[in-house]
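In what follows, a structure is listed as structure tokens, so that the remarks can point back to it.
The values are calculated or read from the model by the stated rules, or taken from the named source; none is laboratory data. Keep in mind it's a predicted model, so treat the numbers as computed, not measured. Cβ: placed from backbone, ideal geometry, glycine included. Neighbour counts: every protein chain shown. Quick note on the areas: whole protein, heavy atoms, side chains included, nothing else; ligands and nucleic acids left out. Shrake-Rupley method; radii C 1.70, N 1.55, O 1.52, S 1.80 Å.
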Amino acid sequence: MIRMDTRFLGIADLAETPSVAVVVDVMRAFTVAAWAFARGAEKIVLAESLDDALALKARHPDWVALKDGPPAPGFDTVNSPGLLRSIDLGGRTVVQKTTAGTVGALAVKEASLVLCAGFVVAEATARLLRARGSDSVTFVVTGEDGQADEDLACAQYIARRVTEPGTDAAEFLRRGAESRAASELAEGVRQGVHPDDVELCLELDRFPFAMVATLEGSLMVLREQAVPAVGSHIRQPS
Ligand SMILES: O=C(O)[C@H](CS(=O)(=O)O)OP(=O)(O)O
Ligand SMILES: [Mg+2]
């Protein structure tokens, strides 16, 4: 049986750089990132701040800048999978800045492996961890100071799938559906929202790839990574 030591930490609890980190943001940063790749994006630059995102956009006018919250001058779109899924991003570079997800990834940028994940890439993420034989993994629960239950549920599900591939997702998805984030998105508390966002964030294994973030020069860059799907239930692209 595979053994893997796991820690589940909020961003502020990261006392030291982990070797392997899985940064989880179900609602909505890494669901959005996965959709950006599905819509053809070549890479996603995770911006340190809104000002940095705008400066990158000014230097590269062809890049697509997005932020969470309401639309804002200088940004092309918002952090919504429902809105992003109808945008053609073929070959484009996306710059993403959000409150939780991108901050969490940047907090572990020195780790030797950084995966960014949500339910939409859960199995591919678990399979990549399994293939690498990672014996110690830190899951960064990005929302609500590490308490966001949609992120914690997804992190726990991925961890379980690594060591127990038959683990059923239903209970973990239920927690996501009943999370505070899901309510806030459904009730219009959060801005820059499409009515399908919650449903899209809870689509298990919608995509067959994992997402790996690495430092490229001074930038933290997220790229999709294909994961062999032998004998899996991962949905293949149609
Ligand atoms: O866009 C989101 O849903 C959130 C915004 S906030 O945390 O509710 O302000 O950002 P994310 O970083 O994707 O969790
Ligand atoms: Mg979130």
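Taken as a whole, region 61-77 holds no residue that is open to solvent by 10 Å² or more (accessible area, probe 1.4 Å), within 13 Å of ligand 1 (Cβ to nearest atom) and assigned to a helix (DSSP H, G or I). The single residue among E164, E203, E144, E178 that is charged (D, E, K, R) and open to solvent by less than 50 Å² (accessible area, probe 1.4 Å) turns out to be E203. For region 78-120, a tally of residues being in a helix (DSSP H, G or I), open to solvent by 50 Å² or more (accessible area, probe 1.4 Å) and either under 16 Å from A38 (Cβ atoms) or at pLDDT below 95 (or both) returns 1. Taking the criterion of being touching a residue at least 12 places away in the same chain (Cβ under 8 Å) and open to solvent by 90 Å² or more (accessible area, probe 1.4 Å), the residues of region 185-200 that qualify are Q191, P195.
Inclusion of E123 among residues that are more than 22 Å from L200 (Cβ to Cβ), of a type in the set (D, E) and away from ligand 2 (no atom under 16 Å from the Cβ) is not warranted. If you go through region 86-113 and keep only what is more than 16 Å from ligand 1 (Cβ to nearest atom) and either polar (S, T, N, Q) or under 30 Å from D168 (Cβ atoms) (or both), you end up with S86, T93, A111, S112, L113.
Restricted to region 5-33, and to residues there that are open to solvent by 20 Å² or more (accessible area, probe 1.4 Å) and assigned to a helix (DSSP H, G or I), the residue that is nearest to ligand 2 (Cβ to nearest atom) is I11. For region 145-211, the helices (runs of 4 or more DSSP H) that sit wholly inside it and include 3 or more residues that are at pLDDT 95 or above and closer than 27 Å to R3 by Cα are 149-163, 170-177. Return the residue satisfying two criteria in turn: it lies in region 100-114 and is within 16 Å of ligand 2 (Cβ to nearest atom) and not β-branched (V, I, T), and of such residues it is farthest from V137 (Cα to Cα). Taking the candidates together, the pick is A100. Checked across region 34-51, the condition of being farther than 30 Å from R174 by Cα, open to solvent by 10 Å² or more (accessible area, probe 1.4 Å), without any contact (Cβ under 8 Å) to a residue 40 or more places away in the chain and assigned to a loop (DSSP other than H, G, I, E, B) holds for no residue.
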